[in-house]
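J.: My structure is below; once you've seen it, I'll send some questions.
What follows draws every value from the coordinates through simple rules; no lab data is involved. None of the values given here were measured: they were computed from a predicted structure. Neighbour counts run over all protein chains shown; Cβ positions are idealised from the backbone, glycine included.
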Amino acid sequence: MSIAPVSDEQLSAWLDGELDGPEAQAIERALAADPALARRLARFEDDMLALSQAYTDPPLPRTNPFSSKQTRWPAVAAALLVGVLIGTGLIRTHQQDVSGPKQRMLQIADAAPVSLESAERILLHIDSSDGQRIERVLNTAEQLLQERARTGRPLKLEVVANARGLITLRRESPYANRIRDLQSRHENVSFKACGMAMAHFSLVEGEPVELLPEADRVPAALEEILERLKEGWTYVHG
Amino acid sequence: MKLFSTQTRHGRQALTDRWRRLYRLAYAWCHEPQTAMDLVQDCLTKALRAQNQLQDEKSLDPWLFSILLNCWRDHLRGRKETQELDLDSLESRDNPEQNHSRQQLMEHVRLAMTTLNGEQRQILTLVAIEGLSYDQVATIMSIPAGTVMSRLCRARQKLRDALAALEARPVDIHLRRVK
């Protein structure tokens, strides 16, 4: 008896119980006769089980991101996180004229111990591929670095890129020259790329994501930002 | 019909269960706990307002899922960038109570899900997590059942490809404390 080839679409529908009668029976016969097909089915079944397990117990938003007692990671988008922090009164906001009045400047007030280091520490966060926003972040970085160098006030600056903003620090970045120039002129600036975003894009594109030589990979941008906030850094969302 | 009764213990339990299912689905779509929470609140508020439209209790779940989907679509439209997924929001902290390989598999699945487009994720979760039929998914998403079948298959293949790539070259997405 000849067995008609089974498409993935039929296999998928059979797995979901969407086929009946002769069509289902044909697939059952094919599965019995063809170990490779049975393996393909088993793969799909395993994936579906893993899928439902992966979302059985999703993390809930955390109201206090500084509590380390919870084992569940807050998983709050960084911008949102800032709102939560303000809401819980753990940080205060104030405006400073860095590159424009619209830049939000946020600083830990009570949550972090007072740092003994005298250098001002600022983290600039870029999570968008929008050219204007990236330019604004780089302009802010440049102005800060130049102004502090001129006046002799110590500064530590970190530029963190994640999500679609990762393009800023990729090898093919249109801002490569500018970033190289910034780092060659200033020792006190560093560039950090989000490892999660790198993993995502390498998976989507099918090849590893390469960074500019000036950029370092951190496991996750959000973790980096939280740590810096806890240490008393000033956060600016680009 | 009255959507939820909070007068009885049973009614309150039913509401909690429903809330959990909606949250799980919303989280699988957006991977952002706060957004998922907002979507579920929004969905339940709309459902309570429109509860008189619901005639048959059996269609309650698909009806709620379609409201949730509309809330998610509205949310995406409201965003400046149509970025559906925030990668940093993926759960990725080691949980010592959980077996490492199981934890890694869960992380791989969530990461692999980010390679699917929004519609593929929605169809896949409605069928594989909620166990809905193709007809029910077709109604919720306003597309023909045949289209559900083909897109679902494509979503499964894409998930499989991504998981195979991750199995071949595991990505260390476990967070470490930044010193």
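J.: Using modelled backbone amide H atoms (1.01 Å from N, in-plane), which distant-in-sequence or interchain residues come within less than 5 Å of residue A:192's amide H?
T.: Correct list: A:159, A:160, A:161, A:216.
J.: Separate question: Taking the Cα-to-Cβ direction at residue A:217 and at residue B:168 and moving 7 Å from each Cα, how far apart do the two end points lie in nm?
T.: 1.8
J.: What list of ³J(HN,Hα) couplings, whole Hz, do you get for region B:44-56 from phi and the Karplus terms 6.51, -1.76, 1.60, once you set θ to phi - 60° and write x for glycine and proline?
T.: So the J values, rounded to whole Hz, are 5, 4, 5, 5, 5, 5, 9, 4, 5, 6, 7, 8, 10.
J.: Same structure again: Given points 7 Å out from each Cα along the Cα-Cβ axis, report the residue A:185 to residue A:7 separation in nanometres with one decimal.
T.: 6.0
J.: A further question follows. If you stretched the chain out fully between residue B:37 and residue B:143, how much longer would it get, using 0.36 nm times the residue separation minus the C-alpha to C-alpha distance? Don't jump to the answer; show the numbers that get you there.
T.: Working: separation 106, 0.36 × 106 = 38.16 nm, distance 2.68 nm.
Going from the current span to full extension adds 35.5 nm.
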